[in-house]
Amino acid sequence: MRLGDGIDFFKSKAEPELIAQLLAACTIWIDPVCFRRLPVWAPYTYRKAPLYKSDWTTRQSNKGEPKREGNVAASKAQNRYLGIAGRNARTRPNWACCHIWGNDDESFQSDYSEVNDPRYFTCAANMVLVPTPLKTFTDTVPEVKSALRFAAYLLYGFIPENRPVPSAKDAGHFLPKSWQVEETINYSSITTKIEADLKKRAATLRDLQSCAGPNYPRDQVNNVVNYWNTHLPECLFSGWTTSNQAHPPLEETR
C-alpha cells in the first residue's frame, strides 16, 4: 500500500467552507487595543530559551537537565491579554495557544522561526486561542495558516520582519467570509482590568531591567522594546530609559 501526502489527501476530501465556519466560530482573538498598548508580554523569552528561577541567577532543571521554554510563557501571556483567570492550562482545559506566524519548514530544520524570536513569541498579534482539536488544522494546513495570517494582518496590521503581506487568495475557500474585512472579525474586548494589567506589566518589565538577577537578558529586552517602539511609538514601552546595572531581584517575573 502506498500513501501520498496526508495533507493533500485531507484537502481533497474536506469541505473548506465548513472548516472556515469552524475557524470563525471557534477562534478567540485578542483585542487590537491590547496589541497597540503592550505588543509583547515577555520580551525576555522565546521558545527553547533557557529557563531561570525568579532570581534570574539559578537555572531551572528537571532531573538534572536544564529546562527550556516550551509554550508556557506564550499561553500565560495570552491568558493575561484575554483576561482569563489563572495562568496555566488548567484554567482553560482543551484550549491551545496557536502562533499565527511560526515555523513553516515541515522538516523543522530551519534555523529561524518567529516563535524563536522574543519580538514575536509572546506578541499579542501573533497568538490566537483555539480549541485543541482545531489546532491540528491551524498548525498543518497551509491555507488555514494563510487565513489566520490574513485575519491578523487586517485586525492588527501585523506582519513579522521579512514576511510577505498576507493574501486572501492564499487562503482560498478556507478563509471565513467574516475575516475578509476587519470590522467583522470577532475578538475579546479589552476591559478596565486588562488595561490595568497591561500598565502594571509594562512597569514590571521596566523595573526588571535594573532589578533582575545577572542572567536576565537586558540587551535582548532593549532590542525588543526598541523594535516595538519603532513600530508602535504610542505603546507603553514609549519613553523607556534602561539600565544594565544589576540589583537585588524582584520576587516575581512571570
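The values are calculated or read from the model by the stated rules, or taken from the named source; none is laboratory data. Source: prediction; values computed, not measured. Here the Cβ positions follow ideal geometry from the backbone for every residue, glycine too, while neighbour counts run over all protein chains shown. These accessible areas exclude ligands, DNA and RNA; they are computed on the full protein's heavy atoms, side chains included. Shrake-Rupley method; radii C 1.70, N 1.55, O 1.52, S 1.80 Å.
General observations
- Of the listed requirements (1) within 30 Å of Val130 (Cβ to Cβ); (2) open to solvent by 40 Å² or more (accessible area, probe 1.4 Å); (3) touching a residue at least 24 places away in the same chain (Cβ under 8 Å); (4) part of a helix (DSSP H, G or I), Asp207 misses just one: (1).
- A search for C-beta distances below 8 Å between a residue of the range 215-239 that is without any contact (Cβ under 8 Å) to a residue 40 or more places away in the chain and charged (D, E, K, R) and any residue that is surrounded by 19 or more Cβ atoms within 10 Å (Cβ to Cβ) and not in a loop (DSSP other than H, G, I, E, B), counting only pairs 6+ apart in sequence or on different chains, returns Arg218/Gln209.
- Filtered residues of the range 210-235 (kept if at pLDDT 95 or above, part of a helix (DSSP H, G or I) and not β-branched (Val, Ile, Thr)): Arg218, Asp219, Gln220, Asn222, Asn223, Asn226, Tyr227, Trp228, Asn229, His231
- Residues in the range 59-72 that are in a loop (DSSP other than H, G, I, E, B) and in contact (Cβ under 8 Å) with a residue 12 or more places away in the chain: 4 in all.
- Neighbours by Cβ (under 8 Å, 6+ apart or cross-chain): first from the range 151-168, more than 19 Å from Phe121 (Cα to Cα); second among the hydrophobic types (A, V, I, L, M, F, W, C) and open to solvent by 60 Å² or more (accessible area, probe 1.4 Å): Leu154/Val181
- Test: residue in the range 127-137 that is basic (Lys, Arg) and within 24 Å of Trp228 (Cβ to Cβ): no
- Among (1) open to solvent by 30 Å² or more (accessible area, probe 1.4 Å); (2) under 21 Å from Arg80 (Cβ atoms); (3) at pLDDT 95 or above - the single one Tyr120 does not satisfy: (1)
- Scanning the range 142-195 for residues that are open to solvent by 50 Å² or more (accessible area, probe 1.4 Å), β-branched (Val, Ile, Thr) and part of a helix (DSSP H, G or I) turns up Thr184, Thr192.
- Residue check for Arg80: closer than 24 Å to Leu154 by Cβ, under 15 Å from the mean Cα position of the chain (by Cα) and not in a strand (DSSP E or B): yes
- Check on Trp56, surrounded by 14 or more Cβ atoms within 10 Å (Cβ to Cβ), on the phi > 0 side of the Ramachandran plot, of a type outside the set (Asp, Glu) and touching a residue at least 40 places away in the same chain (Cβ under 8 Å): yes
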